[in-house]
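A short worksheet on the structure shown next.
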Amino acid sequence: MNRYPVWKFAIIVIALLLGVVYTLPNFFGEAPAVQVSSSKMSSKVDAAALARVEDALKAAGVPSSAVALEGSSIKARFETTEQQLKAKDAIQKALIPEGADNGYVVALNLLSRSPSWLTALHASPMYLGLDLRGGVHFMLQVDMKAALTQKTDSLAGDIRTTLREKDVRHGGITRNGSSIEIKVRDQAQLDAARRVLADQFADLQVLDAAEGAEFKITANIKPEAARRVQEQALKQNITTLHNRINELGVAEPVIQQQGLDRIVVQLPGVQDTAKAKDILGRTATLEVRLVDESSEARSAEQTNGLVPFGSERYLERNGQAVIVKKQVILTGDNLTDAQPGFDGQTQEPVVNLSLDGKGARIFKDVTRENVGKRMAILLFEKGKGEVVTAPVIRSEIGGGRVQISGRMTTSEANDTALLLRAGSLAAPMEIIEERTIGPSLGAENIAKGFNSVTWGFFGHRCFHVHLLHAVWHVLQHFIGSQFAVAGGGAVHVASHTHIAWHGRYGAGAGHGHRFQCAHQ
């Protein structure tokens, strides 16, 4: 009789069925694929790009299992790696002519062969590590000198703002290497500036010296503060890489510190080193600067002439040049959030930024003091800057809420928000070690694992069969001896033993029992 209620058996059956269903993707394997994505927000991966990819494959005579636009990338699946490699070359020639840099990245990839109904159930295969699946391994060196330089530039800007707020006059603030130099005209200004630096900038060592009739203050970052800057730069770079790679969908990445200034990055399943480099390098940095409104700057914008001293030329997305000042008002470090959205009046795609307390205060002061002037919002990717928008400041903007707009599509607004959320690198990095690990070693290890389990199973079965056979013989002898003792009758023991069983269960079954061991 069943001692357990039916609902317990139902739970067991349901758990087994779910386990089987969500295990199935591991048996379908992965298909070689070519993925086309955009490395610049101005480059669109859309239906037109999909048509160009399909035409390129037809012209090259490469059959494909499927070609589809999935999210912000085009993915083409193939049956063999040979077809995959031919397809990559054909697509690359079609989308990226030789010597051109139009913002497309064509990379090798591996995609799950799971049917659509399994994918709809969010059933994914088990992700293998770099040793089993293959991928790329990078060792990156963080430029700590550049991190200190960026910190020094930031401190120079903060000192300039603080001295202006405290009404301390000076003859100029410049950065000279890793030092900040402040010129003042008399002893009173020198004392006032030193007091401000002592109160507001405890991480600086301050020295002063006379230069003719003027004085020069030299400020350097203290050694313990410099170590903190370097540690924070390393941690921020690791966090930024985590955010960037996770948002791009690379499964199970390994990103960890090695030593004082190095980061190890392992990306399982990524076959293309160029794609991996693009993932690591594609991190956007936001800067807010004022547009140079001088006549020389306007002339340089229109005639592509000489840029005035202290300014730089950048291009808008429509190719129009904008001359902006070198002084950076805000950076992406002051961002707390970036979300895509739509303008309430024009319904254009925009990016809504939220600033921290320091950034909100600076932005409010700058907009109050520059009403009627233009402010440029620049986005830097891979060291190249682009003016996203350069609106005229109509009034003071407070509250820490900023909106970026400027002829963006919905996809571009999403990409911009994603990149800004991921953050900027606190210091530049250089790849000093690069290895591509093929999946052959992993396949060999997996095959050995299956073989060991198979042979172990059969060995275990054989051992059990022989063991049971031996136990069965022992039990037969044991049971026979027990019947012999329990059978009764006369027992005669002799040197030779002849066993004859006569009784109810023997050949001559009778009413009595007799067990005879006779010597012959």
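How about segment 103-118: which of its residues are crowded, with 17+ Cβ neighbours inside 10 Å and aromatic (Phe, Trp, Tyr)?
Within segment 103-118, Tyr104 is the sole residue that qualifies.
Would it be correct to say that Ala233 is more than 33 Å from the chain's Cα centre (by Cα) and either within 14 Å of Ile263 (Cβ to Cβ) or exposed (fewer than 14 other Cβ atoms within 10 Å of the Cβ) (or both)?
Answer is no for this residue.
Scan the strands (runs of 3 or more DSSP E) fully inside segment 314-417 and keep the ones with 1 or more residues being in contact with a helix residue (DSSP H, G or I) (Cβ under 6 Å, 6 or more places away or on another chain) and under 29 Å from Ile159 (Cβ atoms).
The strands (runs of 3 or more DSSP E) meeting that bar are 321-325, 335-342, 349-355.
Has segment 177-199 got any residue that is more than 49 Å from the chain's Cα centre (by Cα) and assigned to a strand (DSSP E or B)?
Within segment 177-199, not a single residue is more than 49 Å from the chain's Cα centre (by Cα) and assigned to a strand (DSSP E or B).
Show the residue pairs that are 6+ apart or on different chains and have beta-carbon atoms under 9 Å apart, the first residue being within segment 444-468 and touching a residue at least 12 places away in the same chain (Cβ under 8 Å), the second being surrounded by 10 or more Cβ atoms within 10 Å (Cβ to Cβ).
Sorted first by the residue in segment 444-468, then by its partner, the pairs are Asn445/Asp131; Asn445/Leu132; Ile446/Leu128; Ile446/Leu132.
Are any residues in segment 337-364 free of Cβ contacts under 8 Å to residues at least 24 places away in the same chain and under 26 Å from Gln150 (Cβ atoms), and if so, which ones?
Once the filter is applied, which keeps residues that are free of Cβ contacts under 8 Å to residues at least 24 places away in the same chain and under 26 Å from Gln150 (Cβ atoms), segment 337-364 yields only Arg361.
Search segment 56-84 for residues being of a type in the set (Gly, Ala, Ser) and part of a loop (DSSP other than H, G, I, E, B), and hand back the single one that is nearest to Ser411 (Cα to Cα).
Ser72
Check Gly398 against each of (1) within 29 Å of the chain's Cα centre (by Cα); (2) at pLDDT below 80 and name the one condition it does not meet.
(1)
Ala297 passes all but one of (1) in contact with a strand residue (DSSP E or B) (Cβ under 6 Å, 6 or more places away or on another chain); (2) touching a residue at least 40 places away in the same chain (Cβ under 8 Å); (3) of a type in the set (A, V, I, L, M); which number fails?
So the condition that Ala297 fails would be (2).
Taking segment 325-353 on its own, how many of its residues are touching a Lys or Arg at 6+ places or on another chain (Cβ under 9 Å) and among the β-branched types (Val, Ile, Thr)?
Residues in segment 325-353 being touching a Lys or Arg at 6+ places or on another chain (Cβ under 9 Å) and among the β-branched types (Val, Ile, Thr): 2 in total.
Scanning segment 313-334 for residues that are without any contact (Cβ under 8 Å) to a residue 40 or more places away in the chain and more than 12 Å from Glu287 (Cα to Cα), which turns out surrounded by the fewest Cβ atoms within 10 Å (Cβ to Cβ)?
This residue is Gly319.
Are there any strands (runs of 3 or more DSSP E) wholly within segment 202-262 with 1 or more residues that are under 30 Å from Gly171 (Cα atoms) and either out of contact with any Gly (no Cβ under 7 Å at 6 or more places or on another chain) or at pLDDT 85 or above (or both), and if so which?
Those strands (runs of 3 or more DSSP E) span 204-211, 214-221.
Just checking, which of Val53, Val62, Val6 is more than 26 Å from the chain's Cα centre (by Cα), closer than 30 Å to Val388 by Cα and at pLDDT 85 or above?
Among Val53, Val62, Val6, only Val53 is more than 26 Å from the chain's Cα centre (by Cα), closer than 30 Å to Val388 by Cα and at pLDDT 85 or above.
Can you report the number of residues in segment 184-208 which are aliphatic (A, V, I, L, M), surrounded by fewer than 18 Cβ atoms within 10 Å (Cβ to Cβ) and either under 23 Å from Thr149 (Cβ atoms) or in contact with a helix residue (DSSP H, G or I) (Cβ under 8 Å, 6 or more places away or on another chain) (or both)?
Going through segment 184-208 one residue at a time, the tally reaches 4.
Out of (1) over 27 Å from Ala47 (Cβ atoms); (2) in contact (Cβ under 8 Å) with a residue 60 or more places away in the chain; (3) among the hydroxyl-bearing types (Ser, Thr, Tyr), what's the single condition that is false for Thr367?
(2)
Can you name every residue in segment 84-96 that is surrounded by fewer than 21 Cβ atoms within 10 Å (Cβ to Cβ) and over 15 Å from Asp55 (Cα atoms)?
Within segment 84-96, Leu85 is the sole residue that qualifies.
Which of the residues that make up segment 54-65 are among the small types (Gly, Ala, Ser) and surrounded by 12 or more Cβ atoms within 10 Å (Cβ to Cβ)?
Ala56, Ala60, Ser64, Ser65
Within segment 436-448, does at least one residue satisfy the condition of being outside the structural domain of Ile255 (by TED's automatic domain parsing), surrounded by 10 or more Cβ atoms within 10 Å (Cβ to Cβ) and at pLDDT 80 or above?
Yes, that holds for at least one residue.
The values are calculated or read from the model by the stated rules, or taken from the named source; none is laboratory data. Bear in mind the structure is a predicted one, so any value in this text is a computation, not a measurement. When we count neighbours, we look across all protein chains shown, and the Cβ atoms used for this are built from the backbone with ideal geometry, even at glycine.
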